[in-house]
Amino acid sequence: FMSMIGTSLLNQIINENGVTQPAQILTHLNSGIKEALKQSEGENELHDGMDIALCSLDLDNYKLVYAGANRPLWLFKNGEMGLIKPTKSAIGGHQSGEREEFSDHEIQLAKGDTIYLFTDGYPDQFGGPEGKKMLSKHFREVLKQIQPLSMKEQEKQLLDHFRQWKGNYEQIDDVLVIGVRL
């Protein structure tokens, strides 16, 4: 339900209203979700929020602008991994009455750089030899190991690793990993 409202609002914000800066898009999305679910009025007991990472990519100039609500951006540049931190707040949901300020992060990229955006479903999955969550640290290690591979091969390796980690455990959440190599 939240995804359907979010998709509709994103289309309106970007396509109809022409907002293109990621932080501004998140600010409008946050207000729209709160309004649609009547979360700011206290009338609704639905206090669900949504985590999101959003990028604008200028391929001509290799410039990326990122803003996130609880979802980071991971960047591999010259074999080194970097983390671009999100705003520590969800879109919508039960928050303080203050207006959330989302931040744009402008990153100059180069040919061969790789960026990753992902839901929390991959690192939060239970499994492995002890039936525990994978966690972000383990997920980062997997990404580091597969860096030399093509993006198509990375996709296969990530899927195989996830299935192996999960084993007979039930999948607990949605899983999405987006990787882009310039």
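Could you figure out which of (1) more than 19 Å from MET50 (Cβ to Cβ); (2) part of a loop (DSSP other than H, G, I, E, B) isn't true of ASP174?
(1)
Report yes if GLY121 is out of contact with any Cys (no Cβ under 8 Å at 6 or more places or on another chain), closer than 19 Å to VAL175 by Cβ and not aliphatic (A, V, I, L, M), otherwise no.
When the stated conditions are applied, GLY121 passes them.
Which condition number does TRP74 fail, the rest of (1) closer than 18 Å to GLY49 by Cβ; (2) in contact (Cβ under 8 Å) with a residue 40 or more places away in the chain; (3) surrounded by 15 or more Cβ atoms within 10 Å (Cβ to Cβ) being met?
Every listed condition holds for TRP74 apart from (1).
Specify the residue that is most open to solvent (accessible area, probe 1.4 Å); the eligible residues are those in the stretch 111-170 that are closer than 18 Å to LEU182 by Cβ and assigned to a loop (DSSP other than H, G, I, E, B).
LYS111
So which residues in the stretch 12-21 are free of Cβ contacts under 8 Å to residues at least 12 places away in the same chain, open to solvent by less than 80 Å² (accessible area, probe 1.4 Å) and either in a helix (DSSP H, G or I) or over 20 Å from VAL65 (Cβ atoms) (or both)?
ILE14
The values are calculated or read from the model by the stated rules, or taken from the named source; none is laboratory data. None of the values given here were measured: they were computed from a predicted structure. Counting neighbours? That spans all protein chains shown, and the Cβs are built from the backbone with ideal geometry, glycine included. Side chains included, ligands, DNA and RNA excluded: accessible areas come from the protein's heavy atoms. Shrake-Rupley method; radii C 1.70, N 1.55, O 1.52, S 1.80 Å.
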